[in-house]
Amino acid sequence: MMQEAKLAQLPNGRPSFTHINELWKKHGELIAALSGGLLTLAAYVLGLMAVPFCWILYPVAYLVGGYFKAREGISETIKTRQLNVELLMVTAAIGAACIGHWLEGAILIFIFALSGALETYSTAKSTNALSALMNLQPEVARLVSNNQETMISVTKIQPGDTIHIQPGERIPADGIVINGETSVNEATMTGESIPVYKKIGEALMAGTMNIDGSVYVRVTKKSGDSLFSKILELVQSAQKEKAPTQLFIDRFERTYVKIVLLTTGLMLFVPHFLFGWSWSETIYRAMVLLVVASPCALVASTTPAVLSSVAYGARRGILIKGGVHLEQLAMIKAIAFDKTGTITKGNPEVVRFINSSSLDDSTFLSHVAAIENQSSHPLGKAIVTFTANHSAPVLPIADNIKVKPGFGVIGRINQVEYMIGKQQMMDDTALQQFRKENPSYNSDESETLVYVASGGKVVGMFSLKDQIRDSAAAAIRSLQELGIETVMLTGDNEKTASSIQKESGVSSYIANCLPENKVVEIKKLNQKYGHVAMVGDGINDTPALAQASVGLAMGAGNDAALETADIVLMKNDLSKIAEAVRLSKKMSRIVKTNIVFAMAMIAFLIAVNFLQFLTMPFGVVGHEGSTILVILNGLRLLRG
C-alpha cells in the first residue's frame, strides 16, 4: 500500500514564492490594470496639488497598465501578421500622450486593460467549469502481475491487464470485475447519484468512484479509448471551436481595424483643410476617433456568451462540442428521434405474464428464470430480472440446458422439462388450446411473446416490451411547446410505430425505416424544414447524426455515435434537449443584442466626435464601458 505523502519543511525557513507565482498567473492581468488605474489617480491628484514631476507617473501607468494588452497585441500581430484591436488601443493612448492628453490616454489604458482582464476571467471561468472533469481522471493504477502490485501510469494500461482498485479510489480504466464486489458511484457518467452494486462479471467505467469494496478488474479498453477519455476530448474541442458569428466577427475585425487606421490617418489633416479646424483640434479628434471606433465591444460580443453557454451546459449534463453547434441548435425546426435506445430504453421488460401450470406464480417464475439464467439472450435476461423482483431470490438448479439459437431454450428442473421460446417452438395444437383457455393473451404488435411448454402443454406466456423512457413524453411536449416538430424513425412496422407514437406523443413517425434509409429521411426533413436535428444512440445512427444540422447522442450510446454527435446528453435525459434549445435561443438573443448595442454605441460616439461634442475621457468611458457591459451580459449565461 502506498504511504501518504507528507510535505517537507523548506530548509532555513526560506519563504516559498510558489503561492505568489500562482497568484500572479491567475490575477496578474487584473493587478496590472488596477495598478495602472491607481497610478493614474495618483498622478491626477498630485497634479492638482502642483507636486513637481508628478507627470512621470503617467508613463509609468502606461507601462504597468498596458503591459498585458500591448504584449498580447504585438505577439498576435507577429503570429498572424494582422493588425488587431489591442494595437489600435495602444496607438490611441500613445497618440493622446503625443498631443499632451496624458490623463485621457492613461484612463483609456486603464479601462481597456480592466475590460480585458474581465474577458480573461470570463474565459477562465468557462474553461474551468468545463475542464473540472479533468480532475476525475486518475493518473496512476495498481497493476497486478505475478501476484505483485506495481503503480504504473494510467496511459500504460493495456486491455487484458489486471488492476486492483481499493475503496475510495477512482476507477482508472474501463473493465470487468473478476474478483470481489463493491458499490460504485457512477454520477460522473450517468448522473445517477445512487451507488450501483457491482459483482463479478459486471462492467466498471473509468472516472467513476469505487466506494466500499476492494475489487480486481480485467481491463477491456486502453485509457485513451474509454468513454471518460472521449468525453474529455469533447470538452477540449468545445473550448477551441468557434461559433459562426464569432468567426465572422474575427474576420470583420481585421478589415475593420485597417479601415479605422486609414480613416484616422485622413482625419489627421483633412478636417483642417476641409472644415477649417485648428491643427490641435484636428489631431485631437483623430485620436478620439481612434478610441471610439475600435471594435472592442463588438469583439467581446460573442466569446463570453458562447463559452458561458457551453460551460453551463456541461454542468447540466449537456456536453456541447462547440459554439457552432449551439448556435445552429437555435435554428432547428424539427428533431428526428431514433426509437430503440433513444425514445425507448433499448431493453425489453416483462409487462405481464400468464401462468397456466399447476405451480404457484412464485415457483413457476423461479423455474423459468433458472433455465433462462443459462442463456445470454436479452429476452431471457429480462425474464430473470422480472423474476428477481417478483419471486424468491434463490433459483433452483437447472440441468440439461439446450439453447436453440434464434428460437429459445430447453432445460430441466427436478426432472421436469421446460421449453421456453417463440411460438415456432410450440406444438400448434397445444398453442391453440392455450390461447382458447387464455383469451387475454392477445397483445399489440409492439409486444414480444415468449411461451413456456411442459408435459406436452403450453403452460405459460410472457409478454415483453421495450418501454419508453420516463422522460420521453414530457421532453417531446416541451419541444412541441417551443414550436419544434418531432419525428420518430424506426425499423418497426406501422402498428408498433403507431403504438410508440401514442405513448411518447411524437408528432409523426416513419416506420420500416432501415438504418441505411435514415440518412435519406434526414435529407428529406432538411429540405422540408431547413434545419433538422437527429437524436440517436447506436452505430447505425451515426450517418444520420452526421447528416443532420445538429446531431445529439445519448450518453450511454455507442462510442461511434458519441464521436459523431455534436451534442451529448450525458444523463440519457431527453428533457435536456429542450433545455439545450432554450439555452441556444437565449445565447443567440444575447449575442445579437450585444452586437447591435456595440455597433450602435460605436456609431453614436463617432457621430458625436465628428460634431466636436465628445471629449477624450467621455469617449473612453463610453467605448470601454460598452465593452464591459457586453462581457457582463454574456456572463449571465453561466447561470443558464
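Looking at Lys381, is it farther than 30 Å from Gly625 by Cα, modelled with pLDDT of 80 or more and open to solvent by 50 Å² or more (accessible area, probe 1.4 Å)? Considered against the rule, which asks whether it is farther than 30 Å from Gly625 by Cα, modelled with pLDDT of 80 or more and open to solvent by 50 Å² or more (accessible area, probe 1.4 Å), Lys381 comes out as yes.
Within segment 458-515, the residues that satisfy the criterion of being closer than 22 Å to Val350 by Cβ, open to solvent by 20 Å² or more (accessible area, probe 1.4 Å) and aliphatic (A, V, I, L, M) are Ile468, Ala473.
Within the bounds of segment 555-565, is there any residue that is closer than 20 Å to Val306 by Cβ, assigned to a loop (DSSP other than H, G, I, E, B) and open to solvent by less than 10 Å² (accessible area, probe 1.4 Å)? Within segment 555-565, one or more residues are closer than 20 Å to Val306 by Cβ, assigned to a loop (DSSP other than H, G, I, E, B) and open to solvent by less than 10 Å² (accessible area, probe 1.4 Å). Return yes or no: is Ile410 modelled with pLDDT of 90 or more, open to solvent by less than 70 Å² (accessible area, probe 1.4 Å) and either touching a Pro at 6+ places or on another chain (Cβ under 6 Å) or closer than 30 Å to Lys586 by Cα (or both)? When the stated conditions are applied, Ile410 does not pass them. Across segment 587-608, a minimum of one residue is classified as of a type in the set (D, E, K, R), under 30 Å from Ile484 (Cβ atoms) and either out of contact with any strand residue (DSSP E or B) (no Cβ under 9 Å at 6 or more places or on another chain) or touching a residue at least 40 places away in the same chain (Cβ under 8 Å) (or both).
What are the residues in segment 340-365 that are among the polar types (S, T, N, Q) and either under 22 Å from Tyr529 (Cα atoms) or not in a loop (DSSP other than H, G, I, E, B) (or both), if any? Passing the criteria: Thr340, Thr342, Thr344, Asn347, Asn355, Ser362, Thr363.
In segment 153-178, the residue that is surrounded by the fewest Cβ atoms within 10 Å (Cβ to Cβ) out of those that are in a strand (DSSP E or B) and at pLDDT below 90 is Ser153.
Residue count for segment 566-590 under the criterion of being of a type in the set (D, E, K, R) and either assigned to a helix (DSSP H, G or I) or on the phi > 0 side of the Ramachandran plot (or both): the result is 6. Within segment 19-47, the set of residues being surrounded by fewer than 17 Cβ atoms within 10 Å (Cβ to Cβ), of a type in the set (A, V, I, L, M) and out of contact with any Cys (no Cβ under 9 Å at 6 or more places or on another chain) comprises Ile20, Leu23, Ile31, Leu38, Leu41. Phe337 meets each of the listed conditions (1) open to solvent by 20 Å² or more (accessible area, probe 1.4 Å); (2) part of a strand (DSSP E or B); (3) of a type outside the set (Ser, Thr, Tyr) apart from (1).
Of all residues in segment 60-81, those satisfying the criterion of being surrounded by 15 or more Cβ atoms within 10 Å (Cβ to Cβ), out of contact with any Phe, Trp or Tyr (no Cβ under 6 Å at 6 or more places or on another chain) and not charged (D, E, K, R) are Val60, Ala61, Tyr62, Val64, Gly66, Tyr67, Phe68, Ala70, Gly73. Gly538 fulfils the conditions (1) under 24 Å from Gln328 (Cβ atoms); (2) modelled with pLDDT under 90; (3) surrounded by fewer than 18 Cβ atoms within 10 Å (Cβ to Cβ) except for a single criterion, (3).
Against the numbered list (1) among the β-branched types (Val, Ile, Thr); (2) farther than 30 Å from Thr340 by Cα; (3) open to solvent by less than 40 Å² (accessible area, probe 1.4 Å), Thr593 comes up short only at (3).
The values are calculated or read from the model by the stated rules, or taken from the named source; none is laboratory data. None of these values were measured; they are calculated from a predicted model. No Cβ is skipped: glycine too gets one built from the backbone with ideal geometry, and neighbour counts run over all protein chains shown. Side chains are part of the model used for accessible areas, which takes the heavy atoms of the whole protein and leaves out ligands, DNA and RNA. Shrake-Rupley method; radii C 1.70, N 1.55, O 1.52, S 1.80 Å.
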